[in-house]
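Below is one structure, written out as structure tokens; comments come after it.
The values are calculated or read from the model by the stated rules, or taken from the named source; none is laboratory data. Note that the coordinates shown come from a computational prediction; the quantities given were computed from them, not determined experimentally. Because the Cβ atoms are built from the backbone with ideal geometry, glycine has one as well, and the counts that use them run over all protein chains shown. These accessible areas exclude ligands, DNA and RNA; they are computed on the full protein's heavy atoms, side chains included. Shrake-Rupley method; radii C 1.70, N 1.55, O 1.52, S 1.80 Å.
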Amino acid sequence: MRTDIFARLDREPEPPKIEPPRMSRHRIALFGGTLAFYLAIVVAVLVSSWLVTLDWKVMLFRPYQQWPEIHAFLDYYVVLGQRGPTATMVACWLGWRSWRQHTLRPLLTLGAALLLLNVTVGAVKIGLGRLGPHYATQIGSAELFAGGDIFPSGHTANAVVTWGILAYLATTPRARRYLSAMSAIVSLGVGLTTVYLGTHWLSDVLLGWAAGLLIMLGLPWVEPLITRAEAWIFAQRELLGLGRPAPSVPVAAGGPLTVPLPQQDSGEVPVQSPAPEPVAASGRPRTHASHPVRSERTPVTPAGSRRPPHADRTPRGGTAPARPVAGS
């Protein structure tokens with residue numbers, strides 16, 4: 001009995017699939033509103049508006065000193081926004097789904113989302129060069145173009161994208177709703193944790209939320225590229241001969257078997273075993289005009305004997321013929 005658990009799981013029915021989200025009018029409206037919010041945060045920081053003043057008030061309040069009892073827990077909780085650990089965990093789960101459903105779409109979608117995240121967030125970080133609260137030099141200043149890289153918050157944007165991709169790839173509407181709520185709570189907690197620890201300004205977190213949400217809302221535009229990339233990868237696999245081997249045809253019950261013959265004595269002619277007959281689709285041996293089936297051949301030896309008859313040997317139970325005596 002076969003006990004291979006992976007073979008059993010591969011035979012299980014696949015979970016239901018739903019079409020990926022499309023760029024509907026509602027989604028386009030959300031994308032436009034999020035983009036406007038994103039640009040408003042950038043402008044508010046560039047002109048050192050009331051948002052920068054709020055950043056300084058929160059920083060000087062020093063939340064990590066007001067509530068030190070939760071500092072140890074939040075040090076671990078903020079890891080849910082770090083790109084390395086979270087991307088590894090989510091990639092393992094999506095890799096399992098890709099293997100079960102025989103598709104590369106989950107992994108390719110995660111890769112496309114992380115690539116967009118690195119390009120967009122990284123470009124703004126380097127371009128604005130804002131310093132963090134721990135490295136601020138002048139009270140009330142926006143600390144822009146000073147060689148920093150904390151605006152927008154990468155932890156927050158990464159939490160929105162990494163955990164939001166699970167909701168985006170959900171196979172049922174109910175699971176999509178629950179995972180969307182979970183990713184929103186996790187990303188909100190990660191953003192506020194960075195403010196509590198003093199590693200980011202409040203405006204960094206606001207821009208990080210907007211940056212991650214823009215990527216999630218714009219993923220349907222990338223779906224055609226993901227489909228083409230998946231088709232190209234499968235085509236290359238076929239060209240390299242890495243596809244699944246063709247299943248072997250099992251031999252029907254009662255088919256020809258190869259039986260080892262006993263060791264022959266020297267001087268005797270070995271009996272050649274006939275070649276196995278080809279098996280038809282119905283499980284019965286095929287017959288040919290020049291090669292009849294073994295069961296139809298006329299036996300040439302008594303039943304139970306494998307040796308050919310000899311002229312100088314007497315069958316069992318018979319009388320031995322007279323032989324000439326030497327010298328007569």
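All of (1) modelled with pLDDT under 95; (2) within 30 Å of LEU144 (Cβ to Cβ) hold for LEU39 with one exception: (1). Checked against the criterion of being open to solvent by 30 Å² or more (accessible area, probe 1.4 Å), among the hydrophobic types (A, V, I, L, M, F, W, C) and in a helix (DSSP H, G or I), segment 153-165 contains one or more residues that satisfy it. Within segment 215-239, the residues that satisfy the criterion of being open to solvent by 70 Å² or more (accessible area, probe 1.4 Å) and more than 29 Å from THR34 (Cα to Cα) are TRP232, ARG237, GLU238, LEU239.
Would you call LEU60 open to solvent by 50 Å² or more (accessible area, probe 1.4 Å), touching a Ser or Thr at 6+ places or on another chain (Cβ under 9 Å), within 30 Å of ILE139 (Cα to Cα) and not small (Gly, Ala, Ser)? No, not satisfied.
Of all the criteria given as (1) surrounded by 15 or more Cβ atoms within 10 Å (Cβ to Cβ); (2) within 17 Å of the chain's Cα centre (by Cα), the one not satisfied by ARG100 is (1).
Could you tell me whether TRP93 is in contact (Cβ under 8 Å) with a residue 60 or more places away in the chain, within 29 Å of ARG237 (Cβ to Cβ) and open to solvent by 80 Å² or more (accessible area, probe 1.4 Å)?
On the way: in contact (Cβ under 8 Å) with a residue 60 or more places away in the chain: yes; within 29 Å of ARG237 (Cβ to Cβ): yes; open to solvent by 80 Å² or more (accessible area, probe 1.4 Å): yes.
Criteria met by TRP93.
Only residues that are in a loop (DSSP other than H, G, I, E, B) and open to solvent by 50 Å² or more (accessible area, probe 1.4 Å) were counted across segment 117-145, and they come to 4. Does LEU51 meet the test of being under 30 Å from ARG237 (Cα atoms), touching a residue at least 40 places away in the same chain (Cβ under 8 Å), touching a helix residue (DSSP H, G or I) at 6+ places or on another chain (Cβ under 8 Å) and crowded, with 16+ Cβ neighbours inside 10 Å? No, not satisfied. The set of residues from segment 25-43 being open to solvent by less than 50 Å² (accessible area, probe 1.4 Å) and aliphatic (A, V, I, L, M) comprises ILE41, VAL42.
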